[in-house]
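Reviewing the structure listed below.
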Amino acid sequence: MRNVSFNKGQVVKYLAWTFGLAWAIQFAVAPLYRTNQALGQLVLAAMMFVPALGAWLAGGRFTDMGWKPQIRKNLRPILIAWLCPMVLTALGAALYFLCFPGHFDLTGAYLKASVGEAALEQMEAQGLSYPIYILVSAMGSLTYGPLINAFVALGEEIGWRGFLYPQLKARFGRRHGWLLGGVIWAAWHWPLIWLIGYEYGAAAGNAAGYFGFPVTGMLLFCVIAAGWGILHDALYEKSGTIWVPALLHGAINAAGTLPLAVCLPDTGSARLLGPEPMGILAGLPFLIAAAAVFLHTKED
């Protein structure tokens, strides 16, 4: 672990800036997202740099976050961060579709619902079948996708794993710091879960909604974010470079939405279970991996 001392003033400032700015953006972008999804997603991508800005405004120290990737030394953590999200996402999606085989779809129903039937027709007119489109997308998510996404995810990782998690671990211990950090990370997304159905509702192609909206989505995302946070921070500790958790974050973002592309839209409350790894059933491989790390990690 990095030698970080808990600074209550800095943590309060960080949370105030990070939540204040991000929540303001989320409330502002919600109406835009409904009318222009592409532009809304661009704004949300920019929002990922708010945690880094919050850490800077709080007076966080950036110099010792590990800016050199040290590829030879960190080859194993890099490969884990790059490849494991696709493997775990595929396992989780397979588990979901085994339980809900009727939800599996290769006709492009999800694409039609999300971007319109014209996009599918144009793709087919160019000789690209939907299964081939899925295969090409999967290859991109396994190869260059994580690397490209890592540069955007870096903004979050500077704030969460680079600044906040070390502070929380210094104050509450590694395990409690991980869990608390995960809940805070999830809560940062709550306005989106409420306003646009982020992860489980309309924004994820589920206009049918789900049971207990939006509270169940908010609580479930706390569980998922806590598990992801453990994996991100454990790899950060192992590698000593902020680029590794950024790569993991980018790989999860690249692979995470692929299962939706082979799932029927509007599956209702089943979206709380999967097929994305944000669902509790499809997310089991990630949660099991996080539990293994959590149980085999010492407090000090």
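The figures follow:
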| item | result |
| --- | --- |
| Hits in region 219-267 (condition: in contact with a strand residue (DSSP E or B) (Cβ under 8 Å, 6 or more places away or on another chain) and either farther than 25 Å from L111 by Cβ or of a type in the set (S, T, N, Q) (or both)) | none |
| First in region 234-246 and on the phi > 0 side of the Ramachandran plot and in contact (Cβ under 8 Å) with a residue 60 or more places away in the chain, second anywhere and in a loop (DSSP other than H, G, I, E, B) and surrounded by fewer than 20 Cβ atoms within 10 Å (Cβ to Cβ), Cβ under 8 Å, 6 or more apart | G240/G66; G240/Q70 |
| Scope region 290-300; condition among the aliphatic types (A, V, I, L, M) and open to solvent by 30 Å² or more (accessible area, probe 1.4 Å); matching residues | A291, A292, V293, L295 |
| Residue list for region 209-250, filter: open to solvent by less than 10 Å² (accessible area, probe 1.4 Å) and among the polar types (S, T, N, Q) | S239, T241 |
| So L287, is it under 19 Å from A81 (Cβ atoms), outside any loop (DSSP other than H, G, I, E, B) and either hydrophobic (A, V, I, L, M, F, W, C) or at pLDDT below 95 (or both) | yes |
| Matching entry among I224, I230 (being in a helix (DSSP H, G or I), of a type in the set (V, I, T) and closer than 23 Å to A138 by Cβ) | I224 |
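The values are calculated or read from the model by the stated rules, or taken from the named source; none is laboratory data. If you're wondering where the values come from, they're calculated on a predicted model, not measured in any experiment. Methodologically, a virtual Cβ is constructed for each residue, glycine included, from the backbone with ideal geometry; neighbour enumeration extends over all protein chains shown. The accessibility values were calculated without ligands, DNA or RNA, using every heavy atom of the protein model including side chains. Shrake-Rupley method; radii C 1.70, N 1.55, O 1.52, S 1.80 Å.
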